[in-house]
Amino acid sequence: MKMKVEETYLRGCFVITPKVFKDKRGYFLETFNAEAFTKKTGITTNFVQDNLSKSSIGVLRGLHFQKGASAQAKLVQVIKGKVLDVCVDIRRDSTTFGKYFSILLDGETKTQVYIPRGFAHGFLVLENDTIFSYKCDNYYDINSESGIIYNDSKLNIDWDFPEEKMMVSEKDMNLPTFEHLFK
């Protein structure tokens, strides 16, 4: 797997830039190779579920996570379009507990983010008809799902987008604050 791998300041969270081979026919890239991933990150993972969403500009999804034995690591990427992707460290024993990392992901560069278990995740769509893909290392469990409100004052995430133009689901609008979850 030809890729550049850089760990973010959040331990275990990696930005992965694959090598994209382009010619007059289009492009080709390897989106995941378990052996190369483990060699470059030191992480052995077994992805068991792939998810795909299509959204319009201004759609904000998140900040989501699953608790306990149902926690999920994710490998996320944009197939088409552009998003602001946000990862929040919710590992109580981490030196970066309550800190976030954000990055622009788009369908041109094919950059990916590996988000380990113990993180909340969300993204804001910046182009119409954006297709977002993510692999999970654990199955979705409705009884373990949780989240943090996107505009939490303690996290103070800079979405760099007018809040009045955001489209947030009712479910996500009613998520608790970081402080409420992690007293």
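For the range 101-138, the residues whose amide N sits under 11 Å from a probe point set 7 Å from the Cα of N46 along the beta carbon direction are 138. The charge dipole of the chain, taken about its Cα centre with unit charges on the Cβ of Lys, Arg, Asp and Glu (plus for the first two, minus for the last two), comes to roughly 620 debye.
Restriction of the trypsin sites (Lys or Arg not before Pro) in the range 71-140 to DSSP coil positions whose beta-carbon has at most 12 other beta-carbons within 10 angstrom yields R92. When the Gaussian network model of the chain links Cα atoms closer than 10 Å, the mean-square fluctuations of T45, T95, T111 top out at T95. For the chain, the relative contact order works out to 28 percent when only alpha carbon pairs closer than 8 Å and six or more residues apart are counted. Across the options F119, T95, L105, the greatest Cα extent toward the positive end of the charge dipole of the range 93-132 (unit charges at beta carbon of Lys, Arg, Asp, Glu) belongs to T95. According to the calculation over all Cα-Cα pairs in the chain, the P(r) per 5 Å bin from zero is 1, 8, 17, 21, 22, 16, 9, 4, 1, 0, 0, 0 %. Please find the FRET efficiency linking E163 to N128, where r is the Cβ-Cβ separation and R0 is fixed at 22 Å, and quote it to the nearest 0.05. Calculated transfer efficiency: 0.70. Using a cut-off of 26 Å between Cα atoms, the listed pairs K40/K135; K4/K154; K19/K99 include K4/K154; K19/K99 as exceeding that distance.
Coordinate-derived values only; no laboratory data. What you see is a predicted model; the values in this text were computed from it and never measured. Every residue, glycine among them, receives a Cβ derived from its backbone with ideal geometry; neighbour counts consider all protein chains shown.
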